[in-house]
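Q: Pasting a structure below so you can have a look.
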2 protein chains.
Amino acid sequence: MENNLFAQHAAMVDKHLEAIFEKITQTPEQLKKAMLYSITAGGKRIRPALMLEIYRVCGGDPADILSFACAVEMIHTYSLIHDDLPCMDNDDMRRGKPSNHIAFGESTALLAGDALLTLAFETATDLPASIDAVRALRAIQMLGHAAGMCGMVGGQVLDLDSEHKKISLDELAKIQSGKTVAMIRVNAQIACVLADASPKVTDLCCNYCEYLGRAFQIVDDILDVTGDAKQFGKPIGSDEKSDKNTYVTLLGLPGAQQMADTLTNQAVACARALPGGEQLAALAEQLGHRSF
Amino acid sequence: MENNLFAQHAAMVDKHLEAIFEKITQTPEQLKKAMLYSITAGGKRIRPALMLEIYRVCGGDPADILSFACAVEMIHTYSLIHDDLPCMDNDDMRRGKPSNHIAFGESTALLAGDALLTLAFETATDLPASIDAVRALRAIQMLGHAAGMCGMVGGQVLDLDSEHKKISLDELAKIQSGKTVAMIRVNAQIACVLADASPKVTDLCCNYCEYLGRAFQIVDDILDVTGDAKQFGKPIGSDEKSDKNTYVTLLGLPGAQQMADTLTNQAVACARALPGGEQLAALAEQLGHRSF
């Protein structure tokens with residue numbers, strides 16, 4: 001991302017993550033190392049930056065909810081570690097580096113994922129007194145719901161279940177709604193509940209994230225076919241190799257591109273309807289037309 | 001457990017867990033089935049019953065914190081599922097039944113564990129308005145801390161790391177402090193913070209759980225050598241087979257038994273110092289002298 005608000009948000013998240021881990025000393029060195037390996041592996045911090053920017057658009061100070069933003073990034077990171085395990089996608093590379101279990105062994109990778117997921121919730125409770133505690137509890141509930149059996153983990157199960165099967169576009173949308181979109185949309189939900197945003201603003205923010213999340217996944221599917229392995233951080237063609245259903249296998253490249261464009265435009269429209277939403281609109285454009 | 005308060009607490013936990021899962025419909029059937037398989041596998045609900053009884057001793061109504069009690073049981077259950085995985089202890093049996101990954105496959109078992117851990121935190125936020133939200137946030141923080149890299153997961157890492165090595169009694173105590181004791185002690189921490197207990201009562205409750213948790217683990221080690229496989233729910237001698245360090249391998253059977261007795265007496269003394277702590281004292285006696 002360029003030198004804009006999002007880059008600033010991402011930098012704040014990086015710094016806060018670093019501070020969190022620096023404070024943790026009562027833990028086995030190897031476990032901390034494995035957790036840090038993945039959390040500092042070059043993630044673009046899109047999810048937490050989205051949360052911070054939406055909170056800013058809602059009139060809040062992003063610095064106040066950094067712990068929640070870091071929690072979302074920890075959950076995203078744990079999901080990648082567990083995804084790559086041999087019993088799951090069995091991927092040896094992630095973001096251009098050996099996967100966590102290649103670098104640290106399977107059991108440490110499993111536990112590093114468990115520890116990141118747990119630390120996420122511990123971290124989310126660490127809020128300034130200016131944040132209403134009842135709202136914070138609701139936000140934690142939303143985080144758990146989006147990450148769990150009705151959200152991301154549920155989507156994972158559906159995804160594994162659909163491998164080597166022919167599925168419909170609706171079924172694919174359902175998988176992605178859990179697997180990817182839930183943990184993108186939840187940033188709007190959390191930011192809006194913590195900022196006490198109006199129902200109208202909340203709807204616009206949630207719809208924005210919904211469209212952006214769906215477009216994001218389709219572009220990911222497209223890049224798996226057309227991308228540059230080095231920039232993309234994982235081997236090109238891995239979806240096809242593992243016989244995965246993607247928007248490209250179901251719609252073809254032009255169809256998938258068209259759908260990504262439509263969703264990107266819908267996200268941009270939501271952002272433009274939000275006072276101060278210019279940066280959100282720009283992010284949707286940028287992610288919708290990204291090449292890695 | 002006999003027909004006492006603990007049995008009543010355990011029954012309340014069972015009923016509440018059932019109600020929680022009944023309400024969850026937006027999730028893949030197979031995932032829910034795998035989660036329920038382990039959470040209804042005959043666990044004695046010692047951890048949540050401890051929390052409820054301590055809350056009662058502190059003057060609260062156990063029904064008010066059932067969601068927290070269920071959260072602790074979910075975390076305990078997830079840890080058993082992940083523990084049994086091939087890359088961890090590789091145990092085929094648990095509580096006299098095939099382990100989760102034997103029954104549902106490795107990837108579903110991994111995700112069922114992830115989903116239970118996530119659901120635990122979502123569930124813990126679901127409290128009646130009578131519970132102070134700031135205290136609830138602190139309790140969630142304690143739960144995350146005890147379950148995570150400085151508690152249970154950290155202990156797991158140390159435990160795996162110590163296999164096939166000779167370790168000292170202090171090192172074993174450190175492993176068990178994370179692996180087992182943290183998630184027993186946290187029940188006192190949570191009950192006391194939610195009930196706004198005095199520092200003196202909080203100390204007694206936490207020490208009680210600390211002694212009880214340490215005794216519990218030693219008795220577990222003893223039963224691994226002397227127990228009846230059917231009652232114990234897992235093969236006898238599995239620690240020795242996997243070359244694990246236990247209190248029995250380090251102290252011998254009589255030494256381990258003596259240590260368990262001492263710790264049990266210390267737990268009983270803490271409970272007796274608590275007004276209304278008779279049931280806690282009885283539980284410590286019972287667990288310290290259990291045969292399965």
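Here, each number is a calculation from the coordinates, and none is a lab measurement. As the structure is a computational prediction, the values presented were derived from the model and not from experiment. Every residue, glycine among them, receives a Cβ derived from its backbone with ideal geometry; neighbour counts consider all protein chains shown.
Q: Given the DSSP H assignment, sum -39500 (n - 2.57) over each helix run of at least 4 residues in the protein assembly as shown and divide by its residue total; what's the result at 222 nm in deg cm²/dmol, nearest 500?
A: Using -39500 (n - 2.57) per qualifying helix, the result is -22500 deg cm²/dmol.
Q: Another question, then. With the label 7 angstrom out along Cα to Cβ, how close does A:Gly59 come to the same site in each of the other copies, in nm, nearest first?
A: Label-point separations across copies, in nm and ascending: 4.0.
Q: Please say if chain A is rounded, prolate or oblate, where rounded means a/c under 1.5 for a ≥ b ≥ c the square roots of the C-alpha gyration tensor eigenvalues, and otherwise the choice is prolate for a/b larger than b/c and oblate otherwise?
A: Since a/c reaches 1.5 but b/c is at least a/b, the shape of chain A is classed as oblate.
Q: Continuing with this model, one more query. Distance from the Cα centre of region A:97-160 to that of region B:133-183, in angstrom?
A: 18
Q: Oh, and also: What is the set of long-range amide H partners of B:Met93 at a cut-off below 5 Å, with H atoms built 1.01 Å from backbone N?
A: When sequence neighbours closer than 5 places are left aside, the close amide H contacts are B:Ser99.
Q: Another question, then. Rank-order A:140-147, B:145-152 by packing density, defined as the average count of other C-beta atoms within 10 Å over each peptide's residues, highest first.
A: Result, highest mean first: B:145-152, A:140-147.
Q: Moving on to the next point. Work out the length of the dipole vector of the protein assembly as shown about its Cα centre, built from +1 on the beta-carbon of each Lys and Arg and -1 on the beta-carbon of each Asp and Glu, and round it to the nearest 20 debye.
A: 420
Q: From the label point of B:Ser198, set 7 Å from Cα along Cα→Cβ, how far away are the matching label points in the other copies, in nm, ordered shortest to longest?
A: Distances between equivalent label points, in nm: 5.2.
Q: What number comes out for the charge environment of B:Cys209, summing +1 per Lys or Arg and -1 per Asp or Glu over other residues with Cβ under 14 Å away?
A: 0
Q: Set the bar at 32 Å for Cα to Cα. Now go through A:Lys15/B:Lys166; B:Lys33/B:Lys174; A:Lys179/B:Lys244; A:Lys165/B:Lys32 and name every pair that lies beyond it.
A: The pairs that break the limit, which is 32 Å between Cα atoms, are A:Lys15/B:Lys166; B:Lys33/B:Lys174; A:Lys179/B:Lys244.
Q: For chain A, what are the DSSP H helices with axial Cα length of 30 Å or more and mean Kyte-Doolittle hydropathy of at least -1.0?
A: In chain A, the long hydrophobic H runs are A:199-226, A:247-272.
Q: While we're here: For Cα pairs less than 8 Å apart in space and 6+ apart in sequence, what is the mean separation divided by the residue count of region A:27-101, i.e. the relative contact order in percent?
A: So the answer I get is 30 percent.
Q: In addition: Taking A:Leu253 in one copy and the same position in all the others, each labelled 7 Å out along Cα→Cβ, what are the pairwise distances from the first, in nm, shortest first?
A: With the label placed 7 Å along Cα→Cβ, A:Leu253 yields 7.2 nm.
Q: Which shape class, rounded, prolate or oblate, goes with the protein assembly as shown when its Cα gyration tensor gives a ≥ b ≥ c as root eigenvalues, a/c under 1.5 marks rounded, and past that a/b bigger than b/c marks prolate?
A: The shape class here is prolate.
Q: Using a Förster radius of 45 Å, what is the FRET efficiency between A:His164 and B:Thr25 based on their Cβ-Cβ separation? Nearest 0.05, please.
A: Efficiency, rounded to the nearest 0.05: 0.95.
Q: Sticking with this structure for a sec: Need one value for B:131-138: mean number of C-beta atoms belonging to other chains within 10 Å of its residues' C-beta atoms.
A: That average works out to 4.
Q: Same structure, new question: Where Lys and Arg each count +1 and Asp and Glu each count -1, what net charge lies around A:Ala124 among other residues with Cβ under 15 Å from its Cβ?
A: Computed value for this residue: -2.
Q: Using only alpha carbon pairs under 8 Å that are at least six residues apart, calculate the relative contact order of region B:5-288 and give it in whole percent.
A: Computed value for region B:5-288: 18 percent relative contact order.
Q: I've got another one for you. Classify region B:110-152: rounded, prolate or oblate, from the alpha-carbon gyration tensor (a ≥ b ≥ c, eigenvalue square roots; a/c under 1.5 rounded; otherwise prolate if a/b is larger than b/c)?
A: The shape class here is oblate.
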